[in-house]
Structure formats: C-alpha cells, structure tokens
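None of the figures in this text is laboratory data; all of them are computed from the coordinates on show. Computed from a predicted structure; not experimentally measured. Quick reminder, even Gly has a Cβ in these numbers, built from the backbone with ideal geometry, and neighbours come from all protein chains shown.
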Amino acid sequence: MEATLCPKPHFVVIPWPATSHMIPIVDIGCLLAAHGAAVTIITTPSSSQLVQSRVDRAGQGSAGVTVTAIPFPGAEAGLPDGCERTDHIPSPDLVPNFFVATARFGEAVARHCRRLPTATAAHPRPSCVVAGMCHTWAHGVARELGAPCFIFHGFCAFALLCCEYLNTHRPHEAVGSPDELFDLPALPPFEFRFARRQLPIHFQPSSSIPEDRHRELREFELAVDGIVVNSFEELEHGSVSRLAAATGKAVLSVGPVSLCGAAAPPSLLDSRANSDDARLCMAWLDAKRADSVLYVSFGSAGRMPPAQLIQLGLALVSCPWPVLWVIKGADTLPDDVNEWLQRNTDGSGLPESQCLALRGWAPQVAILEHPAVGGFLTHCGWGSTLESVAAGVPMATWPFSAEQFLNEKLIVHVLGIGLSVGVTKPTESVLTGAKDGGGKADADVGMEQVKQALDMLMDGGADGEARKTKAKELKAKSKTALEHGGSSYMNLEKLIQFGA
Ligand code: UDP
C-alpha cells in the first residue's frame, strides 16, 4: 500500500486506557500507517511498552507510527502509584478519580499538541484525531488543531445502533424492573428483547460513573465528525449504514484489525503473552486433532465468582474434547478453588492432558487461528467475537456485562455462528485487586446447562455443521474486506481522506 495523497495526513490516535481497547485502536493506527499516513499514538508511560510492542508486530504498518508517552496525573487525582489503566483500578470507589485523572491527562495532551506545529516532514501538523470513547476532551483538541475528530468505542456497529436506539427512544426507562423484557427493534426484521440489567452501564439506573460524566460522554458522541468501528460492513447486516443514518455521521468499519499483524509469529502476536506460556499453548494445540479443541476465555479481565467458576470447571473437565481454559485472577481465588483446579486441570501443557488451564495472558489470536481449535466459549467482548469470526471459529456465548448481551444477539440470531449458554444475568465485574476471588455470589449457571451448550457447540449435528459453514464463510469475507479494494480497505482510504 502506498501513500497517494499529498501532504501526508497525520493522525493522532489516543487510546482509552483499557487493555482490550488499546489493542484494536493501536492496530487501527498501524493500518492507517500502512495506508500511507503518519500516525502518533499518545499514551501514558506505563502503557507505552504495551503499545510499542503492538506496533512492532504490525510489520509494514509500524514504520510510520510514533508512540508518545505523556505522564498520567493519577496521584494528583488520588489514584495509587502506577494506576494508569482501567484494569489497574483497585476498587470501584476510585472510578471517579480515574475520570478526573483522564481529564487532566487531556489538558496535558492538548498542551503537547499545541507544540506540534513545529513538526517535521515525516510528522506534519496533525490533521485528524481518533480518540477512545471516554476521552471527551479530544474533540476540543481536534478543534484547536482545525482537524476532524473520530470516536472509537470498541463496540460493533450493531451494538452502537442498539445504543443509539436506546438513547433516542429510551424503551428501557418504561420497564417496571431490571428483569422485565422489552423490545429493541434496532435492526428489522430481526426481533430482539432485552432486560435493562443486560444493557451497557450507561443505561443502568445507577452506576459507579457519575451522571454528569454520562452526559459529557453523550455530548462527545454527538460532537464528533465520525465513528471508527473495528468490524467489516458485510458482517453486520446493514447496521453500519443504519448507524450512519441514525447519527448523521460518517461510520467507517475498518476491521477486523487483528488481521493486520497476522503474518507475525505467535510470540510477537501478543506482547503481553509470556513467551513460555505462548509456546506451551501452541505446542499443546499442535498435539491435538483438527477442530477438536474447545477454547474458553472471558476477555482481558473477565472473572466469575468462585462458585460459578467451579460449575464451569465441572462442565469443562467432563467434556470429551480437549479444553484450553484461560483463567483470570487465579491468584486471588480461594485456596479450595485453586486446589480443585490443580487436581482437575493441567497447568504445564502435557501433550496428553485434556484440560489445559492457562492462568496468565493467552496469545488469543494465534490460539483461535490454530487448526486444532473447533469452538470458543466466549463472554462476547467485541474484540474476542471479531477475532473468532476472523478465524472462522463458532462460539458458545456467555455474556458478562457492557454491550456483550447485545453482541450475543448478533452472534446467535443475526449471524447464526453461535449458540447461547442461556445466561440471563450479568456477571458482576470483579476488579483486579479483589482479594476474595470475586465474592461469595452463588452460581447462576449450573454445570449441566453449560455442558449442554458445549455439547451442541462441538458436536451439534446438522445445526453445528451449519454454524461451522457460516463461520468459515465469514472468515473468508473478513480477509477480503481488508484486501485491496475490499470494504474495510476502502473505508481506511476514506478515513485517510478526512486527514488529507
Ligand atoms: N486477550 C488476549 N489474551 C487473553 C485475554 C484477552 O489476547 O488472555 C485479548 C483478546 O484477544 C482481545 C482482548 O484481549 O483482543 C479482549 O477484548 P474483548 O473486547 O473481547 O473483551 P474485554 O477484555 O474488553 O472484556
């Protein structure tokens, strides 16, 4: 890909500091660079290595990318030392402080950008800003630069369309209880019903995010020039054009962005994966038959209460298929649960073991692309969902929170590439610092219910074959979307035009 425009556009990309958000937005920066733009990614000191290694894996896309670290004023806002990402926040009480710190970080970014006009030919004055969804100040920075501003939520277009419908029509406010189902007809002819408790946090009656912050987030959404989405148009049954019509904004799907580093070896595919763990996983997968392995993971931070983890574990160890299970927060689980895990799972990657439990950071993209993987039990985070689509792997869905119940409908009902475990209640988010392994909550989902869904996922007869076929078709379409002339390729070119 070559630069076709002069002067070279310069994108300032400002990730919202949450690991799973940073991964795709950095990939978007790399794709823009591969399409000829200069790109500056602005982050904080403790995330700069993570960002830089993600950039390095992009090969062709990494050359035009500069990573700039600006100090994060966490201590000034009452946060503990080193707390620079949402996954570092030790308690929900400190969420408002984190927002205060990110607002002050915005002031520092604005000062930095004001100094940028003395830029070099390789990095001319910024001509477009792409900012994470809670960096509400980014719009002001872009206006000062005289540049357009795009928002990146990390949600798919379908979920954004549902949110737009909720914001406009507010059907969730007419229900009597958080469990009562209501219609959300955002994408006819599909029919969807949700309970209020299944919606993203800003549609809940109370949350740890203050009301005025919600208002500010909405004002930011309304003010931006466009929306960048990690998805591809063919995937979402018209959600992209409907979202553009509903918001009056440019909506550009430029994914699946995980494919931008697909040629890199697994050790580089994920800088956070401990290379020993990554090797162990890949060697264990190498010893398994094609399509035989069930991969289980609930995102960058998804942790369930210990009682629920045991029900899931009982289902997994009784599966006839090999299982690769990624467990987050294992170091804070109660002793009896850790002992159960040690007795019933393998942590060392013995080739003959049936249930490999990985306690750290898994090289997920490489795992999903391994030919041995035949199914994915997922929390429906959009990053994981799209990575599964790009790898052609059908899913069993277990949404936890955020927009994941919306994504579940897309996976199961719109795309037909997954089946629901049947979870109706959100899993309370368990913060990294929790010392009791996530509380004393009972298990909502029993072992038998999980097992039934997994049986259908891995051996679902004609329905299972249909899901597999559709998943493989979408895998092929996802690759085409990013190739020269494909829909995501063309949308990247359109985004470049905004910065020209
Ligand atoms: N991920 C990973 N290894 C892990 C856990 C997560 O590589 O052990 C990556 C995964 O590939 C995806 C992101 O982290 O890119 C998770 O994003 P998603 O939107 O699925 O979920 P979230 O973490 O936001 O709940």
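Averaging the sequence gap over all C-alpha pairs within less than 8 Å and six or more residues apart, then dividing by the number of residues, gives the chain a relative contact order of 16 percent. Computed 3J(HN,Hα) for region 401-408, one whole-Hz value per residue from the Karplus formula 6.51 cos²θ - 1.76 cosθ + 1.60 where θ = phi - 60°, is 6, 6, 9, 5, 5, 5, 4, 4, glycine and proline marked x. Net charge dipole, region 291-420: roughly 200 debye, given to the nearest 20, about the Cα centre with Cβ charges of +1 for Lys and Arg and -1 for Asp and Glu. Would you please give the FRET efficiency between Leu181 and Glu428, computed as 1/(1 + (r/R0)^6) with r the Cβ-Cβ distance and R0 = 25 Å, to the nearest 0.05? Efficiency, from the Cβ-Cβ distance: 0.75. Applying 1/(1 + (r/R0)^6) with R0 = 25 Å to the Cβ-Cβ distance of Thr66 and His214 gives a FRET efficiency near 0.15.
Scanning the chain for GluC sites (Glu not before Pro) that sit in a DSSP loop and have at most 16 other Cβ atoms within 10 Å, the longest stretch containing none of them is 3-179.
Looking at the chain, the DSSP beta bridges with both ends there are about 5 percent antiparallel. The residue among Trp325, Ala33, Pro96 whose Cα reaches farthest toward the positive pole of the charge dipole of the chain, with charges on the beta-carbon of Lys, Arg, Asp and Glu, is Ala33. Given their separation in residues at 0.36 nm each and the Cα-Cα distance between them, Gln452 and Ser275 gain 60.3 nm when the chain is fully extended.
Give me the percent relative contact order of region 343-411, please, defined on Cα pairs under 8 angstrom at least 6 residues apart. Relative CO of region 343-411 lands at 24 percent. Compactness check for region 104-234: Cα Rg over 2.2 N^0.38 Å is 1.29. Relative contact order for region 81-197: 14 percent, from Cα pairs under 8 Å spaced at least 6 residues apart, divided by residue count. For the chain, the Kirkwood hydrodynamic radius comes to 23.1 Å, computed from all pairs of different C-alpha atoms. In terms of Cα to Cα distance under 20 Å, which lysines are near enough to Lys479, apart from those fewer than 8 places away along the same chain? Output for Lys479: Lys468, Lys470, Lys494. Cross-link reach is defined here as a Cα-Cα straight distance under 16 Å, omitting same-chain residues fewer than 8 places apart; for Lys425 the aspartates and glutamates meeting it are Asp179, Glu180, Glu403, Glu408, Asp442, Asp444. Amide H to amide H, with H built 1.01 Å from N, Val229 comes under 5 Å of Leu252, Ser253, Val254, counting only residues 5 or more places away or on other chains. Here region 365-500 is treated with +1 on each Lys and Arg Cβ and -1 on each Asp and Glu Cβ, and its dipole about the Cα centre works out to around 300 debye.
Over the residues of the chain, the helix contribution to mean residue ellipticity at 222 nm works out to -12000 deg cm²/dmol, using -39500 (n - 2.57) for each DSSP H run of at least 4. When only the Cβ of Lys, Arg, Asp and Glu is charged (+1, +1, -1, -1), the dipole of region 111-256 relative to its Cα centre reaches about 680 debye.
Scattering from the C-alpha atoms of region 371-500 alone, worked out with Debye: what is log10 I(q)/I(0) at q = 0.09, 0.19 1/Å? Summing over Cα pairs of region 371-500 leads to -0.34, -1.06.
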